[in-house]
Every structure is written in structure tokens, then in C-alpha cells.
Amino acid sequence: YQRRVREAVVSTQSTGSSGINAEYGNPPEDYLSVLAKFGLPKKNNPNSMAITIYYKTVGVSAYGISNPVGARLYYCPVRVQMTDEMSNELYGPQAATQICMPLCLNSTPKATQTLLGTLTRGVVLQEDGGDIFATRLCQCAVFFGDKRGFLTKLERGQRVKIFDFKNRFLPLFFQYLKVQSEGDQKVLLDPFPEPDVMLSFGQRWGDKRPIENTLIWAKVIHLKARQLVLDFTQLFPPLSSSTNDDCIQFSKSDDYDRLADAFSVAM
């Protein structure tokens, strides 16, 4: 199967590509259709993204989003009646999936309650052309980035791409697939592409403050990207291919190992 994947990767090298960031390689424009011929991704999820909301280390709610209009993360225990036009202007599209952040009066810290009070208008998340976009409507500052702390602040009222599936994730994933299928471990690549993006509300995160220490944050997972990552790890298990120092490592068993195993079974 790995040989077939390698053939699929090699067969794309002669295909032209335009509009692709050269920094991440030169995959074909019909990249997904090429992978589909070889069974990647192996599963199709009806949802476009998954959203999990955390209060520090505690996951308080999780949602799978299939709504083509997107989803809105917000906090507002009481909704005032208003015209549809005014509602769309203040709170984004009404047809979006409405995700209200929970408030547990007995366990939610006062600082978190204060922060929730600035999230009335919320943040709208939408999938468009395979990429994920965010529009910050709320008063609360919102930052997006990865766990390494490369953060960008969302400017209020602007629709910003927060997960670039086509021009960043796919080309980088393609490069990893090519390197692994050819068995060339000497090629240095960027960190493996993550299938998700983090959002923090009101607080930055970084080396001195892990995102798990921020009061309110969310993980937004691009489900097609995650399926490709899962498929990749099944094709190339970390034990046999990873060069990560944290990976478990062991040697091949020898005659003494097999003798010890035999005595262990007997005992």
C-alpha cells in the first residue's frame, strides 16, 4: 500500500500548479482527487469542522459543524427581540449554528464571568472553499494561532482566514507524504502540519502562559485535514519513521530476548 501511495505522489510531479505557495512545494491543483484514487482520506466526515470550548484545562462543550453558513461562538443568556436585518448586523448570520458558551455559577471564576460578558456579539466561524475563516464581532480581543504561540489578533469586523487548507496544509502534507514514501529521512521539513487552530479570548498564550492556562479558549479542527493526518500516521507509524526524541524507541529482538520471553511465559 505504501508503494501505491508513493506511485501516486510521484505521478503528480509532472502536473502543473498555480497559486500555490512555493515555500511548501508544488502539488497539483487536483491533489485531493489524486489522493482519493488511492483511498486518502479513508473516511468522509459530514461535518466540516469540530469546535471544542475550554475553560482553562476543562472542556465544557464540543460541537461538530455541518452548517454551510458556519457557527457563532458567543455568550448571551438573554436575547433581545429585534429585526432580522439588525440581528444580522450585530450578531452575524442568524442561520449560523449558535453556540452559547456555558456559565456554571458555582464553578466559573469571577474573571471568567467578566470575560464572558464581553462575548455577547461573539465570533463567527465559516468554512469557505476548504479554508476556515473567522469574523470577530465581540468586544473581547480574540487571538488565533497554534500551540507554539504564533499568534495573530483578529481585528473587529474583518473576515480573516485562520486555517489555510489549500495553500498551506495540503502542500506541506504532500511534502511529508513524499518524503516518507521515498524513505528519505535526511530531508528537513517544517513541523508536521496540524489539522487545527486555537482561539483564545481576552488573553494571549505562549512560552510563559500555555494556552491551557488561559481563561477561555477553543480548538477548531478542520476535519478533512485531521482525517489525512490520521491516515498518514496509519501508513507511517511513528515507531518506525519518526525522528522525534520523545518517540518510544527499541531494538529488534535477539535470541536472548526470545529466550527470556519463553521463560516469562513459562513462569
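Values in this text are rule-based calculations from the coordinates and carry no lab data. What you see is a predicted model, and the numbers here were worked out from it, not measured in a lab.
Can you list the residues, at least 5 places off or on another chain, whose amide H is less than 5 Å from the amide H of PHE163, using H built in the peptide plane?
ILE132
Beyond 26 Å between alpha-carbons counts as too far, so tell me which of LYS56/LYS178; LYS56/LYS147; LYS161/LYS219; LYS166/LYS219; LYS166/LYS208 fall in that bin.
From LYS56/LYS178; LYS56/LYS147; LYS161/LYS219; LYS166/LYS219; LYS166/LYS208, over 26 Å: LYS56/LYS178; LYS166/LYS208.
Extension gain LYS147-VAL160, at 0.36 nm per residue separation less the Cα-Cα distance, in nm?
Taking 0.36 nm per residue and subtracting the Cα distance, the gain is 2.8 nm.
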